[in-house]
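Trainee: The structure follows.
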Amino acid sequence: EKVFSGFSKTRENLAVVDELLLYWNLSETDRVLDELEEALLVSDFGPRISMKIVDSLRNDILAGKLKSGSEIKEALKKCILDILTSSSKKSELQLGFRKPAVVMVVGVNGGGKTTSLGKLAQRLKNEGVKILMAAGDTFRAAASDQLEVWAERTGSEIVVAQGEKTKAQSVLSQAVKKGKEGGYDIVLCDTSGRLHTNFNLMEELIACKKSIGKVVSGAPNEILLVLDGTTGLNMLPQAREFNEVVGITGLILTKLDGSARGGCVVSVVDELGIPIKFVGVGEKVDDLQPFDAESFVNAIFP
Ligand code: GDP
């Protein structure tokens, strides 16, 4: 798999950590930790996590557990790794035992839902799984065409709305029915992404979830929130609202190949307690990878 190519900005912001720790000695603990906190804030870790990390390092330094700059850096990396792996929810896709398994993606427009769904189809297809796609973004006219391109590219079947007034929930329940009758393993559902402040969207997502559950009990197995990794801490209120309304089971963070904000990745996991399941690292069909917390930490602190 490709290593994280983005995060150059994050790495640049955090490079100061190496300089600070190189000449660290006990008498300079306060100054160094203040500057470290500043570097974390600039890298979008957010005030809460930045403080939590620095406090934990301070305690360990004062307790005599960390005796050198390199030990402090390792402890810092360990703190971040612990946050990223703290969720009790599994980071692998949980597809249950009933067929078809249903995966629904949600998120605001432009975040990368449709693209991620296409890339996910390719990953699953590589595992030999029979896939049906469902074009549940009935609001944006081009979304359905875009998903059809992905269906063709990945050799997947697709269900699209018949007629302009068809509701998202009926497209999805129709697709899940077809999935059940046609012996499909997985139904991948796209949804609409009007702004999260739009009450109608949230109502629609609830209706979609319900209509899917009526066809296959326990479904959708996964509701994945797709977040644009370049949007910074703005993604937090968005993520919170989606989670409150539909109950998110995992995150897909996209555009980590671009100028992604590394700290936000950590904030959003900490804030929601939901694991990152996949990361998008480009626009091509193979550019979706399972999230590996350790390689992420090594990418931002080389
Ligand atoms: P949607 O509105 O949420 O369905 O978003 P789209 O799937 O249409 O994606 C919006 C734009 O982001 C498209 O131009 C995609 O090609 C692009 N995109 C999605 N994921 C990634 C990614 O991981 N990396 C990069 N560089 N671009 C991406």
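Trainee: Expressed as cubic angstrom per residue, what is the convex hull volume of the alpha carbon set of the stretch 255-302?
Mentor: That works out to 81 Å³ per residue.
Trainee: Using Cα centres only, tell me the gap between the stretch 64-79 and the stretch 106-120 in whole Å.
Mentor: Computed from Cα coordinates, the inter-centre distance equals 38 Å.
Trainee: Distance between the C-alpha centers of the stretch 214-255 and the stretch 132-174? Whole Å please.
Mentor: Centre-to-centre distance over Cα atoms comes out at 20 Å.
Trainee: Taking the Cα atoms of the chain alone, what are Rg (to one decimal) and Dmax (as a whole number) in Å?
Mentor: 21.1, 72
Trainee: Against the globular-protein guess of 2.2 N^0.38 Å, express the Cα radius of gyration of the stretch 69-143 as a ratio, rounded to two decimals.
Mentor: Here the answer is 1.60, to two decimals.
Trainee: For the stretch 164-243, take N as its residue count and report Rg(C-alpha) divided by 2.2 N^0.38 Å.
Mentor: After normalising by residue count via 2.2 N^0.38 Å, the value is 1.21.
Trainee: If the elastic network links every pair of Cα atoms under 10 Å, which of Lys209, Lys119, Lys284 fluctuates the most in the Gaussian network model of the chain?
Mentor: Lys284
Trainee: Which one, Gly232, Asn243, Gly213, is farthest towards the positive end of the dipole of the stretch 203-265 when Lys and Arg carry +1 and Asp and Glu -1 on their Cβ?
Mentor: Positive-end residue among those listed: Gly213.
Trainee: Find the percent of Cα-Cα distances in the stretch 22-131 that exceed 22 Å, and round it to a whole number.
Mentor: 55
Trainee: In addition: According to the square roots a ≥ b ≥ c of the eigenvalues of the Cα gyration tensor, what is the shape class of the stretch 26-86, taking rounded for a/c under 1.5, prolate for a/b larger than b/c otherwise, and oblate for the remainder?
Mentor: It comes out oblate by the Cα gyration axes.
Trainee: Could you compute how fast the stretch 122-174 diffuses translationally, taking Rh as the Kirkwood radius over C-alpha pairs and applying Stokes-Einstein at 4 °C with viscosity 1.567 mPa s? Give it in µm² per second.
Mentor: Result for D is 112 µm²/s.
Trainee: List, in the order given, every pair from Lys130/Lys284; Lys78/Lys209; Lys89/Lys125 whose Cα-Cα distance in the structure shown is over 26 Å.
Mentor: Pairs exceeding 26 Å: Lys78/Lys209.
Trainee: Could I ask something else about it? Using only the Cα atoms, work out Rg/Rh for the stretch 114-251, with Rh taken as the Kirkwood radius, to two decimals.
Mentor: 0.94
Trainee: May I ask you to list, by number, the DSSP H helices of the chain whose Cα span along the axis is at least 24 Å and whose average Kyte-Doolittle hydropathy reaches -1.0 or more?
Mentor: 199-215
Taken together, the values in this text are just the output of simple stated rules run on the coordinates, not laboratory data. From a predicted model like this one, the values you see are computed outputs, not experimental measurements. As a convention, Cβ positions derive from the backbone with ideal geometry for all residues, glycine included, and neighbour counts pool all protein chains shown.
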